[in-house]
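Every read-out reported here was derived from the displayed coordinates using simple, explicitly stated rules and does not represent laboratory data. Given the structure is predicted, the values throughout are model-derived calculations rather than measurements. Counting neighbours? That spans all protein chains shown, and the Cβs are built from the backbone with ideal geometry, glycine included.
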Amino acid sequence: MSAAAVKTRISRYLRYNIARIRQAERFDRRRADFLFRIVPLLLHCNHPELPGYQGDGCPAGIHRFAPDRMVTPALLKEWLDAPPSPAALHAPDRPPVIQSLKTIGSVGTIAQSAKSDCDYWVSIDRAALGGRLPALEAKCRAIEEWAEGLGVEIHFFLMDIAETRANRFASDTEGESAGSALKLLLKDELFRTHILVAGKMPLWWLLPPDLDPAAYAREAARLLAALPGLADNCIDLGTIGDIPQDEIFGACLWQFNKALASPFKSVIKLAYLELLLRASRLPLFSDRIKCLVTFPDRLATIEQAPLPLEEIDPYLLLAADIVRHYQQQDDRDREELVRTCLFLKTREGVCTHCRQAAAQSKALLERMARWHLLPDDHEHLLELAGWPFAELARLGDRIHAFLSDTYKHLSDLLPSMTGSSAISDRDFVVLGRKLLAFYRHLPNKIPFLRAISRELTAQQAVTVHIDGHAGAWSFAAFQGELNSQEAATARERLLHRADTLVDLLAWLVTNGLLTVESRLLLTRTAHPVALSDIEGLAAALRAHLPAADFTTLSSEDLINEARITHALVVVNMDKLPTGNGQNLPSAIVSRNSHGEYFVHHYPTLADLKQAVSELLTRYYVSRWNGNLHYYIPPQPGRAALAARLGA
């Protein structure tokens, strides 16, 4: 490869990189300044006046990063408590320890949203750092915590250059890397989605696609020897090669877990992974992006026309490829679902960010239309926030049906896989138990709503409707403000029905529909409960058993058998006459260490006391340990009841 050809490829890569940064700036200029200017500054410099300072011996510095060119006094004043002195803006460590700093993920793509976090791939030489590595790790954690205090979620992944080149990655399921579930696929995502923030560009962009690791290593050595100055501008992170089927299966399992919190993007990623798993030799999408950016002369081999660099968007093009595949398979349902999920993922960004929202929305619609990616019902999807709950639930069921079907397809392929498993036994148990906790049905378990997002399912107003018939009561919750007559026919706005108020409220709170911002209403009823009683129970549930969040579950808890960790005792919610206390209908709402919630009912005081005693002796759940609480609605004899229960 001639020096002129290399120069052309570098130029195309840098122009593409700038286009990606401009895309992030168009979405949110202030956030982009933070991610691409302030964060690298803090990694480059280690000074008491700057966040993240870890003492004079802390390693710092990014190759060829120039603070005076990247940050202005106005920008420093905007983000820092006090503008730092000129002495603070110099890296204390020479040579710099960070060779390359890159984002990985959706930043600067059509999939970026206001709630998107930002993961940084920090390329270092661990051996050279030696005993100073913990100080750099501490510096990164301190910067993450400081950013979190400003409302910006960032994560640093310190990646050894030699290990990355050899495709060796540490296992850590607690982190976003998903541990052993993602190795080569993580590298594929890095290559196809990254933005170079500072330091050296990956040499990978300058070498032809489809090289196996051995051929790549030979070509890389030949190129670096022919152009000695190239090593100062490029970092050799190796290539990928074939990805074992069992690793793809492990990554699929991880994406199922990610889908519990963010299904739109996970549907697209799962579709890609399934294509990789089913194909005997499918080109990785990172190679497709490479061809578009630095090897346009190779596009004929992948039947893709050249594109302007500013039109190359990794997430948009991946979705377009998947849609094209489903069209070839005549799978209309999956084709349309991918379009819908991509569209809704882009709407997360537009709908949650107000600056220039109209212009952003128009530009996104035009861009998706050019790629034939607009869903047939996109105009109706624009009104998603105003949909009746039943329609939102049907979309959630549709997405989760895709996830379930995909899991079945993959499970059918699992017996044919050969070789050692790429996903560790520990990771397999951790990720599998998350899925089991979400989907499985157990007696007395509160079912999880198969929602599309917490933001869309959280209700501004909830109407509780209590209906009595033949001496029995039924309880229902509806979307919005309704009277008794409207509730009788508002099936599309029905949120949930239950046999008791406790079951109803527990379902609403643990599924995130009834939040602290939600307004509660109660239709006219002959039932003795008051609206204030329902509000009190909702507040108690939110305080002691808040909405489920599977992202906060620890690996250690999931590895071990489930145990009850928190409980709320609800005493006589229906406010029935208690007599001598023998007739005291009560309930215990509990949460276990696998993130599941349960409601158990007890007809008498003796039954309730026995259950509370078991919570203490078997699970160490008690008032003394701070994980057992009581809610007794106002009623005659309330103080006596509380005294008898020790509440």
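Work out how much length Leu224 to Arg29 would gain on full extension: take 0.36 nm times their residue separation and subtract the Cα-Cα distance, in nm to one decimal.
66.5 nm
Search the structure for amide H atoms under 5 Å from the amide H of Val197, placed 1.01 Å from N in the peptide plane, and list their residues when 5 or more places away or on another chain.
Leu101, Lys102, Thr103
Which option, (1) 32.9; (2) 28.2; (3) 30.6, is the value of mean projected area of the Cα convex hull in nm² that was calculated from these coordinates?
Answer label, from the structure shown: (1).
Ranked highest first by the average count of other Cβ atoms within 10 Å around their residues, in what order do 77-86, 495-504 fall?
Top to bottom by mean Cβ count within 10 Å: 495-504, 77-86.
Take the Cα of Asn483, step 7 Å along the line toward its Cβ, and report every residue of segment 493-535 whose backbone nitrogen sits under 15 Å from that point.
522-525
Mind putting a number on the dipole of segment 1-241 about its Cα centre? Charges go on the C-beta only, +1 for Lys and Arg and -1 for Asp and Glu, and I need it in Debye to the nearest 20.
1040 debye
For segment 538-544, in order, what is each residue's ³J(HN,Hα) by Karplus, 6.51 cos²θ - 1.76 cosθ + 1.60 with θ = phi - 60°, in whole Hz (x at glycine and Pro)?
Along segment 538-544, the couplings run 4, 5, 5, 5, 5, 6, 10 Hz.
Any idea what the dipole of the chain comes to, in debye rounded to 20, about its Cα centre with Lys/Arg Cβ at +1 and Asp/Glu Cβ at -1?
With only Lys, Arg, Asp and Glu charged at Cβ, the dipole is about 600 debye.
How much length would be gained if the chain were fully extended between Asn583 and Arg132, taking 0.36 nm per residue of separation minus their Cα-Cα distance, in nm to one decimal?
155.7 nm
Note the full-extension length gain between Leu307 and Ala530 as 0.36 nm times their separation in residues minus their Cα-Cα distance, in nm to one decimal.
Gain on extension, Leu307 to Ala530, equals 73.9 nm.
What spacing in nm lies between the two simple spin-label points modelled at Gln328 and Glu49, each 7 Å away from Cα in the Cβ direction?
Taking the simple label geometry, Gln328 and Glu49 are separated by 5.9 nm.
What does the net charge come to around Gly480 if you take all other residues with beta carbon closer than 14 Å to its beta carbon, with K and R at +1 and D and E at -1?
Here the charged neighbours net out to -1.
Show me 529-536, 7-14 ranked by packing, highest mean number of other Cβ atoms within 10 Å first.
Most protected by this proxy first, the peptides run 529-536, 7-14.
Remind me, relative contact order of the chain in percent, using alpha carbon pairs under 8 angstrom and six or more residues apart?
Reported relative contact order: 10 percent.
What net charge do the residues around Arg347 carry, taking every other residue with its C-beta under 14 Å from that of Arg347, with Lys and Arg at +1 and Asp and Glu at -1?
Surrounding charge for Arg347 is +1.
Can you tell me how segment 1-111 classifies by the Cα gyration tensor, rounded, prolate or oblate, using a/c under 1.5 as the rounded cut?
oblate
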